[in-house]
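The values are calculated or read from the model by the stated rules, or taken from the named source; none is laboratory data. As the structure is a prediction and not an experimental result, all values here were calculated from the model. Ideal geometry is used to build each Cβ from the backbone, glycine not excepted, and the neighbour counts take in all protein chains shown. SASA here: full protein model, heavy atoms, side chains in, ligands and nucleic acids out. Shrake-Rupley method; radii C 1.70, N 1.55, O 1.52, S 1.80 Å.
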Number of protein chains: 2
Amino acid sequence: MNRVQRKRDERVRRIVAVAAEVFGERGYEATSLEEVAERLDVTKGSLYYYFAGKDELATAAIETLGTDWTERLEALARTLADVPRPERLRALLREHIAIAVHEYPAALRLFLVPDSWPTALRDRIRELRRRHDLVFRREITAGVAAGDFAVVSVDATLQAMHATMSQAPLWCSHLAAEAQERAIDDLAAVLCKLAGEQKGSL
Amino acid sequence: MNRVQRKRDERVRRIVAVAAEVFGERGYEATSLEEVAERLDVTKGSLYYYFAGKDELATAAIETLGTDWTERLEALARTLADVPRPERLRALLREHIAIAVHEYPAALRLFLVPDSWPTALRDRIRELRRRHDLVFRREITAGVAAGDFAVVSVDATLQAMHATMSQAPLWCSHLAAEAQERAIDDLAAVLCKLAGEQKGSL
DNA sequence: CCGAAGTTCGACCTGAGAGTCAAGACTTGT
DNA sequence: ACAAGTCTTGACTCTCAGGTCGAACTTCGG
C-alpha cells in the first residue's frame, strides 16, 4: 500500500509538471485538458481521476512550481553563503535567471492570472511571491546595513529585479545557446547595479 | 460623405479602445465579444460589421495601443529635450511609468500573446516594441558617448527597463493613490541607476 | 419625402472543450 | 490464481462563445 501510494504520487507529479508546462505556454483559458492528456499519453478522462477539474489542476501546477522554485532558490542562497558581499548578490541573480530561463520558462504566463480568478488563488500567488522575494530582500537589507549597498527603496528595487527576471525567458528564448548565456550574464550584471551605490544623479 | 467617414472612424476608435481594455483585463482567450459589445451598449453582431472577427479586433487593439503609446513617448522625449543628461533619463522613465500605470494598465497582458499566435502578429509586436524602445536606446547610447553613463550591455539594460516598466501597473494597482505616485518615483529612480556609472563590482 | 446606403439587431448555427460515467483492464496482496 | 482494489478508457452530454445572416432601422443626399 505504500508502494501504491508512491506510484500515485509519482503519477500526480508527472501530471502537474506537464500541466504547468502547457498552462505556461498557452495560458489558462487556451489550455485544453485534451492537450495535457495527449502529452501524457493518456485520455482526458483519467485526469479527472486525480483532479476534480481544470481549476484544481491549474492551482496544483502553480502551487508546485511556486514552492519548488522557491526551495531551489533558498538552497542556492545557502550554497553561496560564503561568497563575499558584492559578488554574492550577482551570483544569486545570475543563477536565478539561469534557472528561470532553462527550467521555468513558462512561469511568467502561469503566474500572471487574470483579475477574474478566485481571490484565494490570487492571494496564494502573492504569498508565494513574497516568500520567493524574501531571499533577495534579506540579501539587500543585509548589504545596506553593512554599508555595501545603497538603495532608494528596497521594495522598488525588488520589484525591478523580479520583473526583469520573470521576463528573462521571453527575451532569451529567441537567442542561440551561447548568446543566451551571455544575455543571462549581462542581465545579472545589470541588475546588480540596482543595489550598488549610486553616483551622480540626485 | 466625409461626415460619414468621420463618424465611422470615431466608432471604430471607440470599439478598439474598449476592446483593448477588455483584452488586457481578461486576456485574449477569456475575452468574449459579448462582453466587449455589452460595454459598448451594442450587440455582438454589429461588431462584425467593423471587424471580421475576434482576431482582427485583437490585432487592431494591439496595433492602435502600440502606436499611440509610442507616439506619446516620442512626444514626451521631445518635451524633455533640454533637460540636462542625468535628469533627463530619470524624467523620461518617470513619465513613462506614470503613463503605463494610469493609461495603459492593460498593456502587459495585451502584448503578451501566446506562442501559438500567428507569426505575422508576433513579428508586428516585436517591431512595435523595437520602435518603442528606441527612445530609451538613443538616450542611453548618447549618454554613454558623452561619458555620462556607463552600461555593461545596452540591450540588457533596455530589457531590464522595459520589463520593469511593463510590470509596473501590476505592482501599483493594489496601492492607494498617494503610495502609487511614490512607487512610480521610486521605480524611476531605481531604474535610473541602471544607466549610471558603476562602482565596485567587476 | 423617397430611395439608397450605412448600420444594428437578434435569432440561429456550429464546433470546441469541460465534465460524467459505466464498463473493462491492470496491479497487488494473499 | 483469484479477488479486491486501483486506474484507464471512450463514448456521452452540456454549455458557451465565435461566427452568419436576413430583416429592420437610421441616416443622408437629392
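Only the Cβ atoms of Lys and Arg (+1) and of Asp and Glu (-1) were treated as charged; on that basis the dipole of the protein assembly as shown about its Cα centre amounts to roughly 20 debye. Counting only protein heavy atoms and using a 1.4 Å probe, the accessible area of B:ARG39 comes to about 80 Å².
The residue among B:LEU76, B:ALA177, B:LEU33 whose Cα reaches farthest toward the positive pole of the charge dipole of chain B, with charges on the beta-carbon of Lys, Arg, Asp and Glu, is B:LEU76.
Distances between copies at A:GLU71, taken between label points 7 Å from Cα along the C-beta direction, are 5.3 nm in increasing order. Note on the stretch A:113-202: semi-axes of the ellipsoid equivalent to its C-alpha gyration tensor, largest first and rounded to whole Å, are 25, 22, 11.
In terms of Cα atoms, the Rg and Dmax of the stretch B:114-160 work out to 14.0, 44 Å.
Would you mind giving the total buried accessible surface between chains B and A, with a 1.4 Å probe and ligands, DNA and RNA left out, rounded to the nearest 100 Å²? Chain pair B/A: roughly 3900 Å² of buried accessible area. Distances between equivalent label points of B:VAL4 across the copies, with each point positioned 7 Å along Cα→Cβ, amount to 7.5 nm, shortest listed first. Over the protein assembly as shown, the alpha carbon radius of gyration divided by the compact-protein estimate 2.2 N^0.38 Å works out to 1.05.
If a spin label sat at a point 7 angstrom from the Cα of A:ALA142 along the line to its beta carbon, the backbone N atoms of the stretch A:53-92 nearer than 19 Å would be those of A:70-92. Can you give me the angle between helix A:154-172 and the longest principal axis of chain A, using Cα atoms only, in degrees from 0 to 90, rounded to the nearest 10? The angle comes out near 60 degrees. In this assembly of identical copies, the label point of A:ALA120 (Cα plus 7 Å along Cα-to-Cβ) is separated from its counterparts by 4.5 nm, sorted shortest first.
Note on the stretch B:76-189: with neighbouring protein chains present and a 1.4 Å probe, carbon and sulfur make up 53 percent of its accessible heavy-atom surface. Taking every alpha-carbon pair within the stretch A:24-170, the share separated by more than 18 Å comes to 62 percent.
Other residues within the sphere of radius under 11 Å centred on the Cβ of A:ALA142, judged by their own Cβ, net out at +2 (K and R +1, D and E -1). Against chain A, whose longest principal axis is taken from its Cα atoms, helix A:85-103 shows a tilt of about 20°.
Could you list the residues of the stretch A:50-93 with an amide nitrogen less than 16 Å from a label point located 7 Å from the Cα of A:ASP9 in the Cα-to-C-beta direction? Counting only backbone N, you get A:64, A:68. Which residues, if any, in the stretch A:28-45 have at least 10 Å² less accessible area in the whole protein complex than in the isolated chain, probe 1.4 Å? For the stretch A:28-45, once contacts with the other chains are taken into account, A:GLU29, A:ALA30 lose 10 Å² or more. Counting, for every residue in A:111-122, the Cβ atoms of other protein chains within 10 Å of its Cβ and taking the mean gives 2.
A crude spin-label estimate for the pair A:ARG126 and A:SER32, with each label 7 Å from Cα along the Cβ direction, gives 3.6 nm. Cross-link reach is defined here as a Cα-Cα straight distance under 16 Å, omitting same-chain residues fewer than 8 places apart; for B:LYS193 the lysines meeting it are A:LYS193, A:LYS199. For the pair the stretch A:123-202 and the stretch A:17-34, the centres of their Cα atoms are 28 angstrom apart. What part of the accessible area of the stretch A:17-68, given as a whole %, is carbon or sulfur when the probe is 1.4 angstrom? C and S atoms contribute 48 percent here. Against the main long axis of the alpha-carbon atoms of chain B, helix B:54-79 sits at an angle near 40°.
How much accessible area per residue does the protein assembly as shown have, in Å², with a 1.4 Å probe? Could the numbers behind the result be given before it?
Numbers: 20210 Å² over 404 residues.
I get 50 Å² per residue for the protein assembly as shown.
Only the Cβ atoms of Lys and Arg (+1) and of Asp and Glu (-1) were treated as charged; on that basis the dipole of the stretch B:2-192 about its Cα centre amounts to roughly 560 debye. The mean number of partner chain beta-carbon atoms within 10 angstrom of a residue's beta-carbon across peptide A:143-156 is 3.
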